[in-house]
Amino acid sequence: MVLRLDGVTKVFGAVRALDGASLEVERGEIFTLLGPSGCGKTTTLRLVAGLEHPDAGEIALRGRVVASVPRRVFVAPHKRNLGMVFQSYAIWPHMNVFENVAYPLRLRGVKRSVVAEKVTRVLDLVGLAGLDERGATLLSGGQMQRLALCRALVYEPDLLLLDEPFSNLDAKLREQMRVELKVLQRRLGVTVLFVTHDQIEALSLSDRIAVMQRGRVEQVGAPRELYERPASAFVRDFLGQTVVLRGVVREPGPRGGTITVALDGALAGSMLRGHAGPAAALAAGAPAHLAIRPENIEVAGDGRSTPEANTLTGTIDALLFVGDRYEARVVLGGEQRILMLLPRAREWHEGQRLQLTFPPQTVSVWPA
Amino acid sequence: MTTATPAVHRRRVPRIETQAVLCTVVLGIVAFCVVFPVLLVMLQSFQVAPPGQPAKYGLDGWRAAFDEPGLRAALLNTLKVTFVRQLLSLPLAVLIAWLLARTDLPGRRWLEFAFWAAFFLPSFTVTLSWILLLDPEYGLINTSLARLVGTAPFNIYSFWGIVWVHVLTGSLTVKVILLTPAFRHMNASFEEASRVAGASTLRTALRITVPVMAPVILSVLLLGTMVSLQTFEVEQVLGLPFRFFVFSTMIYDLLVTRVPRYDAATALAVVILAAMLPLVLAQQWLTRGRRYTTLTGQFQNQPHRLGRWRAPALALVLALVSIVLGVPVVFALLGTFMKLFGFFHIADPWTLNNWKTVLTDELFLRSLHNTVVLAVGTAVAAVVVHSLIAYIAVRTRYAGRRALDFISWLPFTVPGIILGLALLWLFLGVEMLKPLYGTTTLLIVAGVIAGMPLGVQIIKSGLLQLGSELEEASRIAGASWWATYRRIVLRLMAPTLMAVAMITFVGAARNIGNFALLTTSANRPLSILQIDYIAQRKFEEAVVVACIIMFISLAGALLARLLGLRSGLG
């Protein structure tokens, strides 16, 4: 284990930025802190770095306690052997590329010849070879990003901290850097603690993700696990798109089996079946939410209803062509609007009636 | 690795590290040199025994200060001068700052530098050159007008004469140099949105730019008011002939009579301090948490086109530049070549003798040496002290950082002459410090303290623009706090620090108020020498010295500008 947080709390004024968070990061993995802004993910990173003092709890790096309120321990940031890439990259403008990367090595008393060799090797690794003498302020955004990465990796830190490192790049470059980072991490085997609010970044890069909300860790797990089996409504709605329909439990059904829900409001009179979500069993008559990912809804274009299938009818309200597919807002029962993903292979038009099938194994039922 | 009990590197009370110790040392020294003298002043106002006799405490000083018949007049005069100065200079300064920062006025960079240079002109020198022009009897403008139209309308020795010189020396230039960078840094999208919505340039300036900048303008106004309450030289030279006193000259008057009335003088100083404190607090409140964001290439502001107003605007600014910069420099220089200062109409008025006399005077050479040592020493010491204070106030979580920040403002609230007096008591009263009396070191201490509010302020805004991630990156890369301060902060701040060095260098070279009571014949600098020449009615020699100080100041201004000082408020 590289990093362990145990009940760490950080208070800013009246705000509990981090509220008793506990985490463990294993060696060689990319561990991501994901959440909306203000959820405490950056605070967590800064606490690990030693840029903030915790108000409660304990932080250990490779088995060595670096910050602990009960034991009155605090190790200064420069004695933690961490690497960090800042959102603004924090490239020192008064040094050139070589000097920026050599700085941490010189602080560690590395011999001159070794410094040159290590810097050259790491610059080569990220494709900055030959730019040694370039002034740091003359680099492009992507180059600065790579330089910041070099500077954080050159002394082989125990843990690499990344604070929203891609947020200042444009969309194309961001995708490219995401792939590069993953390849690089797999090659070097460095442990990474990554902070982002971008779920695509988190899902695509991480080995494991901790979803955070209001200073607490909501759920920790592998990307697919979180996406397919969210433990709470917050995680379900934060990761990816979710269509939520309201209703009342009609038939609770056997444990692990299907539950039948009678829909409310404009869809009153319709029934849908789904399987139980992670919460406790639902009794008949209890208010419930049905959740399904848009990509799991199946479409039959002609609007014919077959009563035994798990179906609803709807009308395309707005149609957006987004390149690889269509996104459509579909009105159900004249009132409820849901998001749908429609394949490009067929023709669609606004006002078109759709027959939507909700496969029961992809519908989950949650207490309201 | 299994979860074995982690090894604990025990470090008791870890937050008290070198950093906290250093902060406390800085706070202690600054408090001793600034707060202690201020307390001494307060205490002294209750000490009623005449100098040389055992201390006796009472309210006589306060009573005397308030019974003094001139006091009410001095109070009123101070308020009147302050109010009129601000009233005249603020709208003009806002207009000029807007023209320089947000329009296509030709040569605006050079014009801005002209105001910058004018700010550095010693007010004493400026006053002398305006006497040459506006003296009721001999003033060049008056004599010319008398010949042309038969009347000599102007009298520099008057309320309006004092206001005129003030507006041109401090009030206008300081506001322009503080407001121009602030206007330049304003996010252009506010203005662009207004233009797109259909507003004209003028309407946008009045309805968007000025309101958006209101906090900065108000803060500059407060600073200007504080500076106004401080002034000394102009009133001393121009007010004395017609018995016009303001607070500071009144205090000086009480101190230089045959039996100095320290109690009454310090009582008045406490009144000024009490009046200043709310202004300082208001100023700090206005600038709290201001986002000093550095401008990047992305937000390059498009200047407004002035169109047909370009020529009149240029004419206005050029006229002002020639009045605030041209006139003082030319006439101070002319004055040095006059046989009789101010007498243009005598036959063959010109001579080189003044320069010869001064430059060969043993007294002058010693003073020049003193000034150079003093100014360089002050600049070096100020950079170290001011940058430490600014860094602690902005970047650390040290418990006393707010106190330190506040203390750095205190020298602004005490009239220079009183601060000098307080330092005199401090250095004569503490046995260990007594040997420093009469040395340049004492003057350096005074110079560092006098320059503290501005120096700390400039470095603070520079640090806020720096962004803390550059330092944090260094900490994580393995550098200690001290190594980061040396290798990252000081390097990146070098231009700002050099500029502060130049400003304090110039400040020390021309400072009169703080040094007047601290100098002896051994450590007398040029600024005091010129006053001594005036006291001996040697105007010609005085103006030569004033001119030399002026050129030292202008050289400093140019250097500071070349080093890239762009700091202002906002």
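Values quoted throughout were computed directly from the atomic coordinates according to the rules given, and no laboratory measurement underlies them. What you see is a predicted model; the values in this text were computed from it and never measured. No Cβ is skipped: glycine too gets one built from the backbone with ideal geometry, and neighbour counts run over all protein chains shown.
Based on alpha-carbon atoms, the Kirkwood radius and the radius of gyration of region B:322-407 give Rg/Rh equal to 1.30. Normalised size of region B:352-447, defined as Cα radius of gyration per 2.2 N^0.38 Å with N residues, equals 1.43. Phi angles of region A:172-177 translate, via the Karplus equation with coefficients 6.51, -1.76, 1.60 and θ = phi - 60°, into HN-Hα couplings of 4, 5, 4, 4, 5, 5 Hz per residue; Gly and Pro are given as x. Within region A:3-238, DSSP assigns beta bridges of which about 60% are antiparallel (rounded to the nearest 5). Since only A:P165, A:L131, A:L193 are under comparison, the one whose Cα sits farthest along the positive direction of the charge dipole of region A:128-204, derived from C-beta charges on Lys, Arg, Asp and Glu, is A:L131. Under a model in which nothing but the beta-carbon of Lys, Arg (+1) and Asp, Glu (-1) is charged, the protein assembly as shown shows a dipole of about 920 debye around its Cα centre. Computed from the Cα positions only, the extents of the protein assembly as shown along the three principal axes stand at 119, 68, 63 Å, in decreasing order. Relative to the longest principal axis of the Cα atoms of chain A, the long axis of helix A:112-125 lies at roughly 20 degrees. Structure remark: mean-square fluctuation, Gaussian network model of chain A, C-alpha springs under 10 Å; the largest value among A:A14, A:A136, A:A202 belongs to A:A14.
By the rule of a C-alpha distance below 26 Å, with chain neighbours fewer than 8 residues away ignored, the lysines paired with A:K118 are A:K79, A:K182. Here's the list of lysines a cross-link from B:K80 could span, going by alpha-carbon distance under 22 Å and ignoring same-chain residues fewer than 8 apart: B:K175. Computed from phi, the 3J(HN,Hα) profile of region B:460-469 under the Karplus parametrisation 6.51, -1.76, 1.60 (θ = phi - 60°) reads 4, 5, x, 5, 5, 6, 6, x, 7, 5 Hz, with x in place of Gly and Pro.
Taking the DSSP beta bridges with both ends in the protein assembly as shown, the antiparallel portion is around 75 percent. In terms of overall dimensions, region A:243-367 has a Cα radius of gyration and Dmax of 14.7, 44 angstrom. The lysines whose alpha-carbon is closer than 17 Å to the alpha-carbon of A:K41, local same-chain residues fewer than 8 away aside, are A:K10. Placing unit charges on the Cβ atoms only, positive for Lys and Arg and negative for Asp and Glu, gives chain B a dipole magnitude near 1740 debye about its Cα centre. Across the options B:M250, B:G326, B:L463, the greatest Cα extent toward the positive end of the charge dipole of chain B (unit charges at beta carbon of Lys, Arg, Asp, Glu) belongs to B:L463.
All alpha carbon pair distances within region A:41-119 were sorted into 5 Å bins beginning at 0; the resulting P(r) in whole percents reads 3, 13, 20, 18, 16, 14, 11, 5, 1.
Mean per-residue shielding of peptide B:477-485 is 6, counting Cβ atoms of other chains within 10 Å of each Cβ.
Distant-in-sequence amide contacts of A:F194, defined by a placed amide H-H separation under 5 Å and a gap of 5 or more residues or a different chain, comprise A:F31, A:T32, A:L33, A:L162. A simple charge model with +1 on the Cβ of Lys and Arg, -1 on the Cβ of Asp and Glu and nothing else charged puts the dipole of chain A at about 1140 debye relative to its Cα centre. As a ratio to 2.2 N^0.38 Å, the alpha-carbon radius of gyration computed for region B:12-151 takes the value 1.79. Per-residue Karplus couplings for region B:504-520, computed as 6.51 cos²θ - 1.76 cosθ + 1.60 with θ equal to phi - 60°, are listed in order as 6, 4, 5, x, 5, 5, 10, 5, 10, x, 5, 9, 3, 9, 9, 8, 10 Hz, Gly and Pro entered as x.
Over 21 Å, how big is the tail of the calculated P(r) for region B:80-193, in percent of all Cα pairs? Everything past 21 Å amounts to 50 percent. In chain B, helices alone account for a calculated mean residue ellipticity at 222 nm of -21000 deg cm²/dmol, with every DSSP H run of four or more residues adding -39,500 (n - 2.57). Between A:D124, A:D237, A:D19, the residue with the greatest mean-square fluctuation in the GNM of chain A (Cα pairs under 10 Å linked by springs) is A:D124.
Ordered by the count of other Cβ atoms within 10 Å of each Cβ, fewest first, B:V280, B:V210, B:V385, A:V48 give B:V210, B:V280, B:V385, A:V48. Note on region A:243-367: dipole from Cβ charges, positive end direction compared against A:V243, A:G269, A:H289; the farthest Cα belongs to A:H289.
Put in line by how crowded their Cβ is, counting other Cβ atoms within 10 Å and starting with the fewest, B:R85, A:R112 read A:R112, B:R85.
Taking the beta-carbon count within 10 Å as an exposure proxy, list B:T360, A:T242 from fewest neighbours to most.
Ascending number of Cβ neighbours within 10 Å: B:T360, A:T242.
Taken over region A:3-238, the percentage of Cα pairs per 10 Å bin, counting from 0 up to the bin with the maximum distance, is 8, 32, 35, 20, 5, 0.
Along each principal axis, taking the top coordinate minus the bottom one, the Cα set of chain B gives 102, 74, 47 Å in descending order.
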